[in-house]
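A short worksheet on the structure shown next.
The values are calculated or read from the model by the stated rules, or taken from the named source; none is laboratory data. Fair warning: this is a prediction, and the values are worked out from it, not measured in the lab. FYI the Cβ positions are ideal-geometry reconstructions off the backbone, even for glycines, and counts take in every protein chain you see.
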Amino acid sequence: MDGKAKGPPASLRSQQIRDHYDQFAWAYQRYWGDHIHHGFFLTGEEDPAQAQEQMLRHCAARAGLHAGMHVADVGCGHGGTASFLAKSYSCRVLGLTISPRQLEVARKLCGDLDGATTFELADAESYVFPNASFDVVWNMESSDHFFDKAAYFRKAAATLKPGGKLMVAAWTGSMRDQLIGDIARVFLFPDLWTTDEHLQHIESAGLQVVSSEQLSSQVARTWDVAAEQVRSSQWLLALLPSQFREFVDGIELMREGYRSGQLTYSVIVATKI
Ligand code: SAH
């Protein structure tokens, strides 16, 4: 990272986030499959795809997901979660993404699900969520990209039915740490929050936290796998734009973040009373 800007992003714009996911949809698909989130490695023997599904099952259990529920998957990526929750839990899922390319990929992936899933192109921060409409609002590693997370959590609270659950899986750490600022800049987060900051703002939004856990040691392997993938495809990376190579440099920041304990991975579930 020598010679490059250090610290938090000074002037990140949502357009850059959209362009990133548009431009690199193919790379995410090639390296991470249908999911753009950490794997949950329980035995270390799982392959990355199994670990990613394990993560979904873990979060679904924490959120008490069951058949017939209506889920808002906010920041839905390529629709991997929507497909999984519709097939394995018989949920109805509305997926929102800021990326037109992801919208296309998600609609194609879920094309055979008979209307159990719908997708919309939307900026979650300006989207008008219907009042008291969802059993679960699901943020799998997406709220980290939001500029006003506190305002978003208030909107999430309003769109939940009474008794509904907000599930947030987030990269957590303190922006006072240089490394966390660097991670935020490389991975296009306006800022990252600690677990406590999440808990405070989620409660201020009127929700009651029912569980909060840090899964850092079970997810860190995700980046060892990513580093192995990079080592075995140097030829391809050399052809990619510098923007992507910087993203690849971010893999080592992530490994350092988990090794040092500055970066944590939090899964928080809160309910609307
Ligand atoms: N939840 C998905 C994708 C995680 S990657 C998965 O687990 O596979 C982050 C996602 O957040 C991307 O889909 C990106 O398009 C989306 N995103 C980022 N900012 C957004 C915003 N303001 N509104 C809607 N989606 C957003």
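Applying the selection to the range 28-44, what residues are within 13 Å of the ligand (Cβ to nearest atom), modelled with pLDDT of 95 or more and not small (Gly, Ala, Ser)?
34, 35, 36, 37, 38, 40
Please verify whether residue 168 is in a strand (DSSP E or B) and more than 15 Å from the chain's Cα centre (by Cα), treating the condition exactly as stated.
Working: in a strand (DSSP E or B): yes; more than 15 Å from the chain's Cα centre (by Cα): no.
No: the conditions fail for residue 168.
Can you tell me which of 76, 91 is more than 13 Å from the ligand (Cβ to nearest atom), under 23 Å from residue 160 (Cβ atoms) and surrounded by 21 or more Cβ atoms within 10 Å (Cβ to Cβ)? Walk me through how you get there before you give the answer.
Numbers: 76 fails: more than 13 Å from the ligand (Cβ to nearest atom).
None of the others qualify; the one that does is 91.
Give the residues of the range 215-260 that are in contact with a Lys or Arg (Cβ under 8 Å, 6 or more places away or on another chain) and in a loop (DSSP other than H, G, I, E, B), sorted by residue number.
Kept after step one, since they are in contact with a Lys or Arg (Cβ under 8 Å, 6 or more places away or on another chain), are these residues of the range 215-260: 220, 223-224, 227, 237, 246.
Within the range 215-260, 220 is the sole residue that qualifies.
Is it the case that residue 259 is at pLDDT 95 or above and of a type in the set (Lys, Arg)?
On the way: at pLDDT 95 or above: yes; of a type in the set (Lys, Arg): yes.
Considered against the rule, which asks whether it is at pLDDT 95 or above and of a type in the set (Lys, Arg), residue 259 comes out as yes.
Output yes when any residue across the range 25-38 is in contact with a Gly (Cβ under 9 Å, 6 or more places away or on another chain) and surrounded by fewer than 17 Cβ atoms within 10 Å (Cβ to Cβ), and no when none is.
Looking for residues that are in contact with a Gly (Cβ under 9 Å, 6 or more places away or on another chain) and surrounded by fewer than 17 Cβ atoms within 10 Å (Cβ to Cβ), one finds at least one in the range 25-38, hence yes.
Mind counting the residues in the range 146-165 that are buried (at least 24 other Cβ atoms within 10 Å of the Cβ), in a helix (DSSP H, G or I) and touching a residue at least 60 places away in the same chain (Cβ under 8 Å)?
Of the residues in that region, 1 qualify.
Tell me, yes or no, whether the range 18-25 has at least one residue that is touching a Ser or Thr at 6+ places or on another chain (Cβ under 6 Å), among the charged types (D, E, K, R), away from the ligand (no atom under 12 Å from the Cβ) and touching a residue at least 40 places away in the same chain (Cβ under 8 Å).
The initial filter retains those residues of the range 18-25 that are touching a Ser or Thr at 6+ places or on another chain (Cβ under 6 Å), namely 18, 21-22.
With the extra rule that they be among the charged types (D, E, K, R), the set shrinks to 18, 22.
Filter again for away from the ligand (no atom under 12 Å from the Cβ), leaving none.
No; the residues of the range 18-25 include none that is touching a Ser or Thr at 6+ places or on another chain (Cβ under 6 Å), among the charged types (D, E, K, R), away from the ligand (no atom under 12 Å from the Cβ) and touching a residue at least 40 places away in the same chain (Cβ under 8 Å).
Only residues that are more than 11 Å from residue 94 (Cβ to Cβ), away from the ligand (no atom under 12 Å from the Cβ) and of a type in the set (S, T, N, Q): list them for the range 129-162, please.
Result: 131, single match.
Within the range 114-127, work out how many residues are within 13 Å of the ligand (Cβ to nearest atom) and of a type outside the set (Phe, Trp, Tyr).
Looking only at that region, the number is 7.
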